[in-house]
Amino acid sequence: MPRIRKVRILYHSSLTNNLPNLISKHLRQHKLPFSRLIKPLTFLLLVTITLTGCQTRQQQNCLQIAYSPNTLQLSHFQIAINKKTIDSIDNNLSALTWNEDTRTLFGTLNKPATIVELSTQGELLRKITLNGITDPEAIEYIGNNQFIVADERFHRLIKVTLNEQTNSINSQDALQLTLEKSYQYNKGLEGLAYDHQRKIIYVSNESSPITIYKITGWIESDVIHIAEIKKDWSAFLTDISGLHFYAPDQTLLVLSDESKLILALNKNDQIVGCFPLTTGQHGLWHTLRQPEGITMDNKGNLYIVSEPNFFYKFTQK
């Protein structure tokens with residue numbers, strides 16, 4: 001009687017759906033009676049159930065969201081650059097934004113306070129020293145060489161100007177806006193996004209409580225209006241680590257470090273999609289360790305940076 005060969009199985013999210021095909025293929029290849037596979041299949045099922053049960057409640061809810069046809073289709077993204085280490089950055093890489101004029105990416109480091117410019121392949125192009133900002137945890141390009149930087153510890157936004165020759169920035173004389181402070185240390189501002197058409201700045205509080213503010217008027221006038229997206233985030237998120245507004249589909253992307261996922265909100269602030277950042281999803285071989293920044297470029301590619309110094313790029317199928 002033929003000997004049962006040992007088979008190495010890598011778990012991924014589609015394993016349960018493919019299990020009948022795997023069983024049938026193995027039986028045909030080795031001409032085995034089904035009875036000889038009861039023990040190994042029982043083990044396989046137990047492993048599958050166990051691994052599926054390791055998903056958090058937020059991740060399970062994420063996978064149940066029905067996609068809206070008129071919004072960014074997150075299910076179409078596949079990994080193109082996977083966990084690339086960015087040379088000359090040792091730690092604390094946080095935040096990400098796309099500069100449509102330079103066709104490059106900008107992120108932040110908080111020790112020491114620094115803005116970094118990156119290529120779309122994850123290569124470090126330059127570093128810009130930030131003076132007067134203690135804990136830069138978010139950055140957003142708003143056009144005309146102007147950026148908004150969020151200082152997490154002091155819960156403030158700072159508008160800075162940065163061009164090709166800039167190597168340091170002094171925020172002392174920059175336009176600033178202080179928001180309501182978080183009640184917990186190191187749980188302040190973590191995400192920034194900008195809707196150029198409607199002139200809305202989105203800014204998020206990491207947790208305690210999870211909050212997304214919508215700010216209008218700060219850049220264009222003296223009349224500032226601040227509203228809050230009212231939502232029970234607990235079903236999907238335990239924190240927010242980054243934001244991005246995708247203009248073509250009017251979609252706000254909300255990145256969560258702790259929950260390891262991206263939520264998509266439409267222009268009416270309704271949840272319309274979800275993108276798990278876990279093993280087996282979208283071609284990922286590993287769950288993202290600490291995703292802290294998210295953005296998209298003019299070609300529809302999606303970028304994520306993760307502490308300490310990892311770079312991810314996703315392209316649409």
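For every residue, the table says whether it meets (1) hydroxyl-bearing (Ser, Thr, Tyr); (2) part of a loop (DSSP other than H, G, I, E, B); (3) assigned by TED's automatic domain parsing to the domain that holds ILE200; (4) surrounded by fewer than 14 Cβ atoms within 10 Å (Cβ to Cβ).
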| position | (1), (2), (3), (4) |
| --- | --- |
| LYS127 | no, no, yes, no |
| ILE133 | no, yes, yes, no |
| GLU137 | no, no, yes, no |
| GLU140 | no, no, yes, no |
| ALA150 | no, no, yes, no |
| ARG153 | no, yes, yes, no |
| VAL160 | no, no, yes, no |
| GLU180 | no, yes, yes, yes |
Original post:
So MET296 clears everything in (1) touching a His at 6+ places or on another chain (Cβ under 8 Å); (2) farther than 16 Å from ALA193 by Cβ; (3) modelled with pLDDT of 95 or more except one condition, right? Which one?
Top reply: (2)
Original post:
What number of residues within the range 69-113 are among the aliphatic types (A, V, I, L, M), assigned to a strand (DSSP E or B) and closer than 28 Å to LEU265 by Cβ?
Top reply: 7
Original post:
For the range 240-261, what are the residues that are farther than 19 Å from ILE201 by Cα and either out of contact with any Asp or Glu (no Cβ under 9 Å at 6 or more places or on another chain) or of a type in the set (D, E, K, R) (or both)?
Top reply: ASP257, GLU258, LYS260, LEU261
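The values are calculated or read from the model by the stated rules, or taken from the named source; none is laboratory data. Being a predicted model, the structure only gives us computed values, none of them experimental. When we count neighbours, we look across all protein chains shown, and the Cβ atoms used for this are built from the backbone with ideal geometry, even at glycine.
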